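Structure record follows, encoded as C-alpha cells.
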Amino acid sequence: MKIFIAVFITSLWVSKTFGQTDSLQKTYSPRGHLVDIGGRKLHILCSGQGSPTIILVAGAGAFAIDWNLVQLRIDSTTRVCSYDRAGLGWSDSGYAEETLEETISDLHKLLQAAGEKPPYILVGASIGGIFVQAYQRAFPNEVAGLVFTNSSNHIGFAAKNKDDLIWNLTE
C-alpha cells in the first residue's frame, strides 16, 4: 500500500510539473490547432478520413503528442483525433478543480467546435478510461464503442475500511 501511495503521489507531481508550461507554448508550435470552447482554447490534432472517428484520450499528465505513433498507424484507415485536456500541453488552463463532468464537457465542446462528427470510438489510456466511460454515459448517442488501454476503471479505492476517492483518502 505504501508503494502504491508513493507512486500515486509521484505521478501527481510529474503531472503538475510537466503539465502545461509557458515555455512549451513559446518554444514549440502545436501540431494540431487550438479551438475555442467558450473563453478557453484546447489543442486538438486530427488526421485521416472516414467514420467512425477515433478519439484518443490520454492518461494523467499525457498530451496529444503521446498518441503520435498510434495516430499515424490509424489515420490511414479512418479519422482519428488526439487532444490536450485543459491545463496540459498546448491547451489553456481549465477550472480550479477539474471534475470528471468538466473534463467530459470540455471534450464534448471541443469535438463540436472542431466540427468532428459522431459516432466516435473513444480510446482511453490510464485515467482516460474513466473519462471515456463518463463520456459514453453522458452522450450515449455519440459513442460507437470504447477501447481501454491500461485503463483505470474507477478513481476510488479502499483504505482504512473506507471506500472513497483517492484524494479524500490520502489527505
Complete set of residues in segment 147-171 that are part of a strand (DSSP E or B), within 21 Å of GLU97 (Cβ to Cβ) and either modelled with pLDDT of 75 or more or not charged (D, E, K, R) (or both): GLY156, PHE157, LEU165
Single match in ALA144, ALA134 (criterion: within 18 Å of THR78 (Cβ to Cβ) and either modelled with pLDDT of 95 or more or assigned to a helix (DSSP H, G or I) (or both)): ALA144
Residue, modelled with the highest pLDDT, within segment 64-95, restricted to residues that are aromatic (Phe, Trp, Tyr) and within 12 Å of the chain's Cα centre (by Cα): TYR83
Single match in LEU24, LEU42 (criterion: at pLDDT 90 or above and either touching an Asp or Glu at 6+ places or on another chain (Cβ under 8 Å) or in a helix (DSSP H, G or I) (or both)): LEU42
Pair list, Cβ < 7 Å and 6+ apart or interchain, from segment 101-120 residues that are under 16 Å from ILE54 (Cα atoms) to residues that are assigned to a helix (DSSP H, G or I) and modelled with pLDDT of 95 or more: ILE104/TYR135; ILE104/ALA138; LEU107/TYR135; PRO118/GLU142; PRO119/GLU142; TYR120/GLU142
Search result, residues across segment 85-117 that are surrounded by fewer than 16 Cβ atoms within 10 Å (Cβ to Cβ) and either assigned to a loop (DSSP other than H, G, I, E, B) or among the acidic types (Asp, Glu) (or both): SER93, TYR95, ALA96, GLU97, GLU98, THR99, GLU101, GLU102, GLY115, LYS117
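The values are calculated or read from the model by the stated rules, or taken from the named source; none is laboratory data. Computed from a predicted model, the values in this text were never measured in an experiment. Cβ atoms come from the backbone with ideal geometry, glycine included; neighbour counts cover every protein chain shown.
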